[in-house]
Amino acid sequence: MSDRYDFHAIEAKWQRIWQEQGAFVVSGEGRGPKFYLLEMYPYPSGRIHMGHVRNYTIGDVVARYKAMKGYQVLHPMGWDAFGLPAENAALARGVHPARWTQENIGFMRQQLRRLGFSYDWTREIATCEPDYYRWNQWIFLQMYRREIAYRRKTRLHWCPDCKTTLANEQVEGGLCWRHGTQVEEKEMDAWFLRITDYAEELLAGLDTLAGTWPERVLTMQRNWIGKSVGVEIVFPIVGDTERLSAFTTRHDTVYGATFMVLAPEHPLARRLAAGTPQEEEVRRFCEEMSRQDKYQRTAEGQEKTGVFSGRHAVNPMTGKEIPIWIANFVLMEYGTGVIQAVPAHDQRDLEFARKYDLPVRVVVQPPGGSLDEATLEEAYVDEGVNTHSGSFDGMPTPRAKEAIADFMEERGIGRRKTQYRLRDWGISRQRYWGTPIPILYCKACGTVPVPEEDLPVILPTEEFEFGGPSPLTTYAPFYRADCPACGKEARRETDTMDTFFDSSWYFCRFTSPKESRAPFEASAIQRWMPVDHYIGGIEHAVLHLLYSRFFSMVLRDLGLIPQAEPFHELLTQGMVIKDGLKMSKSHGNVVDPDDMVKKFGADTVRLFILFASPPERELEWNEAGVEGSHRFLNRLWRLVHQRREALQGDTPAAPFAGDFSPAAGELRKRTHQTIRRVTDDIEQRLHFNTAIAATMELTNAVSAFEDDGSPGSRWALREAVHHLVLLLSPFAPHLAEEVWEVLGGQKSLVSCPWPEYDAEVAAEETLTIVLQVNGKVRGRIQVAATAEADQIRSLALGDERIKGWIGEKEIRRVVVVPGKLVNVVV
């Protein structure tokens, strides 16, 4: 063993050994319970970044730990290889997207291997390969036959930078989620998936994930699904056979509806104004609104503008005529594109009413209060008691809601309804680098699905003109085809699939990636699914995670998988930041992982990225911290080198029968306490930073330990170092393997069990108890570890500091938490 920690040689050695031995290859059968650990697979952009390193290092620790705990661990890796960024990057460099992608995959694969991640590379997938996207097409056809996939003409979000349409979930505040570009609207034919058919199950399923998914993610999905329970009310139009339907969750305020508002895009907006003095004004207003971004025009703080349509509706509960307006703050996408405006009880309606001098009518009074509609400046939106509401006067809001809903349904005025913010998922993309949609259009037969036996529909990889918004429309060898139904000439669909389609089921493919007769083997799904622990960024909370849950429900209904929820436990790791900003090329603060690995080694980079912050929090990059992690590994290496003679020999597999000196006994206690602490930190909290801190403390204890040469002393030293190496192996696996070999380990740490602690040895003889008065820390006392609650209570009340804080005050109660604290409430 050299006295120099040559991390380059050590890491290359063990990466080669792991690969040659197939150390992380997992079969479908094996001893021990299964554990499926998965990190969100990367888009092959060309180089991994520190966000990748953090994500995959977190996962690797869990995978290695679970393997040592006796689990059969599935830990695969693949590539989210289709998509617009690859197409654009390839075009900018004058190379084919397929070549660009494959070269990137090769480079990034080597980067991941260099970091020592425990992936089963025999299961590697790339979504741009025909043997993968064939099953995208097959799943699409199953959805098409069940009318989950359908095509319709609609107005879609269009990103001028992407030169393609976007799904609702890919537009954030009117901006493209990828570029931040202002989106436009275009009318075109497009393919959709009926995710709305699963809205209620998607919502209900979130309750089953509480406690294993971050609450923030659950809230984001609930808000995006946006369930609302209310009544759809019918308002007759004066002098017209048409009627307006308006959905509201506050139907108890219907008596206060003093005008109606239509979205400028509503098909009745211009028709109602036809022949009225308002016709031209309405036309101009609607055209102006069509040129404005709808997200901006409905944003909070945006001025509310509108125009009178020239027509009136009838409030079905009061029988009074109320004007119909067209305004910028109503959208066709939400509800029916019509609202009942109740200005006294909706702030937006109140501001509009004040601006255009429209009536304000209070129909809900706060308990014990009295609102004056003439001077009302802030709408009253809470529950209260109905007033000016006919026979419903005096009813509290919950009762009024039920009674008015019953009344409306009995008379056909309205009906109870549940609606959702969620909209069907548009999957058509007018770009080249994606899965071809397996549909043909025949003049004689109409829309014809590609027969399953003809799959995959291969994306052409020849060199052709990629410019323009939809490259495949210009490539005749692709779009010309024969109709499988009648044999006549047909045209292929030239849109490709949204790449989120690829990633919505890839976790199933990993269970049997070589299967050629189906998307995946049924027995493999039964063995491995669901994913036990999934790790990835919060930015995918609504996009990837919602779509994956939807796909799993569809696949379950197709009889392909047994469970609805694909991911049991979810960790969303925090961002890597530097100089106060997210690490990114645009901020000019990127740190290249390769540079760090060359300078310090993979184990150092891994250790720092885990030690600097708990996984769910942001990580502030600090090269001084990297150097500190490197010094620690060097110190451990030197410690073993200096004491190698004392450490070599029989490993402490069985208890030592002799006596221990006080110093040896203390080291043993520290060893077993560290095992307990590291195990709990990984198993219970995923707090790798505190787990690593515990190993550092044990290293210090070993360094300070004076070996007197006695059998007990030597045994305690060997026990401490052997267990220290085992505990460190998930975090710094290369160094741990090398040291283990030096210590005489006969097999790789990959095959070694996780150490178990002896509770009796780890037990503290005394404990520190925190003393509080009214919740504030006022002191600490030492008590025997075996002390009962009554004894601890007496010691706390007898403490002079606590007596001083209590003084003459009355003690109301004393809360004792054994082993932790005493809180005296006065």
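The values are calculated or read from the model by the stated rules, or taken from the named source; none is laboratory data. Just so it is clear, the structure is predicted and the values come from calculations on it, not from any experiment. With ideal geometry, Cβ positions are generated from the backbone for all residues, glycine too; neighbour counts draw on all protein chains shown. What goes into the accessible areas is simple: the full protein's heavy atoms, side chains included, and nothing from ligands, DNA or RNA. Shrake-Rupley method; radii C 1.70, N 1.55, O 1.52, S 1.80 Å.
Tabulated values for the structure
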| read-out | value |
| --- | --- |
| Enumeration of residues in the range 806-820 that are over 39 Å from the mean Cα position of the chain (by Cα) and not aliphatic (A, V, I, L, M) | 807, 808, 809, 810, 812, 813 |
| Number of positions in the range 788-826 that are closer than 16 Å to residue 776 by Cβ, open to solvent by 90 Å² or more (accessible area, probe 1.4 Å) and out of contact with any strand residue (DSSP E or B) (no Cβ under 6 Å at 6 or more places or on another chain) | 3 |
| The range 343-397, subset of a type in the set (Asp, Glu) and under 21 Å from residue 262 (Cβ atoms), residue most open to solvent (accessible area, probe 1.4 Å) | 357 |
| Residue in the range 486-507 that is loosely packed, with under 15 Cβ neighbours inside 10 Å and on the phi > 0 side of the Ramachandran plot present | yes |
| Residue match in the range 375-389 (condition: touching a helix residue (DSSP H, G or I) at 6+ places or on another chain (Cβ under 9 Å), at pLDDT 95 or above, over 30 Å from residue 542 (Cβ atoms) and part of a strand (DSSP E or B)) | yes |
| For residue 694: the one exception among (1) over 28 Å from the mean Cα position of the chain (by Cα); (2) open to solvent by 20 Å² or more (accessible area, probe 1.4 Å); (3) modelled with pLDDT of 95 or more | (2) |
| Options 222, 216: the member that is touching a Ser or Thr at 6+ places or on another chain (Cβ under 9 Å), part of a helix (DSSP H, G or I), charged (D, E, K, R) and surrounded by fewer than 19 Cβ atoms within 10 Å (Cβ to Cβ) | 216 |
| Top-ranked residue in the range 156-173 [being of a type in the set (D, E, K, R) and crowded, with 16+ Cβ neighbours inside 10 Å; ranked as farthest from residue 26 (Cα to Cα)] | 163 |
| Residue in the range 687-694 that is more than 24 Å from residue 14 (Cβ to Cβ) and among the β-branched types (Val, Ile, Thr) present | yes |
| Subset tally (residues that are among the charged types (D, E, K, R) and farther than 17 Å from residue 767 by Cα) for the range 788-826 | 8 |
| Every residue from the range 309-331 that is charged (D, E, K, R) and outside any loop (DSSP other than H, G, I, E, B) | 311, 321 |
| Residue check, residue 252 open to solvent by 40 Å² or more (accessible area, probe 1.4 Å) and within 30 Å of residue 385 (Cβ to Cβ) | no |
| One residue from 141, 91 being in a helix (DSSP H, G or I) and open to solvent by 20 Å² or more (accessible area, probe 1.4 Å) | 91 |
| Selection count, the range 267-283, where residues are open to solvent by 30 Å² or more (accessible area, probe 1.4 Å) and closer than 22 Å to residue 155 by Cα | 4 |
| Those residues of the range 760-787 which are loosely packed, with under 12 Cβ neighbours inside 10 Å and basic (Lys, Arg), in sequence order | 776 |
| Subset of the range 419-462 [farther than 23 Å from residue 79 by Cβ, polar (S, T, N, Q) and open to solvent by 30 Å² or more (accessible area, probe 1.4 Å)] | 419, 447 |
| Whichever residue in the range 226-269 is without any contact (Cβ under 8 Å) to a residue 40 or more places away in the chain and assigned to a helix (DSSP H, G or I) and, among such residues, is farthest from the chain's Cα centre (by Cα) | 268 |
| Complete set of residues in the range 539-552 that are open to solvent by less than 20 Å² (accessible area, probe 1.4 Å) and under 9 Å from the mean Cα position of the chain (by Cα) | 541, 543, 544, 545, 546 |
| Near pairs, Cβ below 7 angstrom, 6+ apart or cross-chain, from the range 601-618 (outside any helix (DSSP H, G or I)) to any residue that is acidic (Asp, Glu) and at pLDDT 95 or above | 601/11 |
| Those residues of the range 96-126 which are of a type in the set (D, E, K, R), open to solvent by 40 Å² or more (accessible area, probe 1.4 Å) and either in a helix (DSSP H, G or I) or in contact with a helix residue (DSSP H, G or I) (Cβ under 6 Å, 6 or more places away or on another chain) (or both), in sequence order | 99, 103, 109, 113, 114 |
| The range 276-304, residues that are of a type in the set (S, T, N, Q) and either part of a helix (DSSP H, G or I) or closer than 30 Å to residue 387 by Cα (or both) | 290, 296 |
| Subset of the range 619-636 [open to solvent by less than 40 Å² (accessible area, probe 1.4 Å) and part of a loop (DSSP other than H, G, I, E, B)] | 621 |
| Tally, over the range 49-88, of residues that are touching a residue at least 40 places away in the same chain (Cβ under 8 Å), open to solvent by 10 Å² or more (accessible area, probe 1.4 Å) and either touching a Lys or Arg at 6+ places or on another chain (Cβ under 8 Å) or not in a helix (DSSP H, G or I) (or both) | 8 |
| Any hit, the range 124-143, residues being of a type in the set (D, E, K, R) and at pLDDT below 95 | no |
| Some residue of the range 526-538 being within 20 Å of the chain's Cα centre (by Cα), more than 24 Å from residue 143 (Cβ to Cβ) and aliphatic (A, V, I, L, M) | yes |
| Scope the range 145-155; condition surrounded by fewer than 19 Cβ atoms within 10 Å (Cβ to Cβ) and either touching a His at 6+ places or on another chain (Cβ under 6 Å) or closer than 18 Å to residue 551 by Cα (or both); matching residues | 145, 146, 147, 150 |
| Considering residues of the range 413-434 that are touching a Ser or Thr at 6+ places or on another chain (Cβ under 6 Å) and in a loop (DSSP other than H, G, I, E, B) only, the residue farthest from residue 460 (Cα to Cα) | 422 |
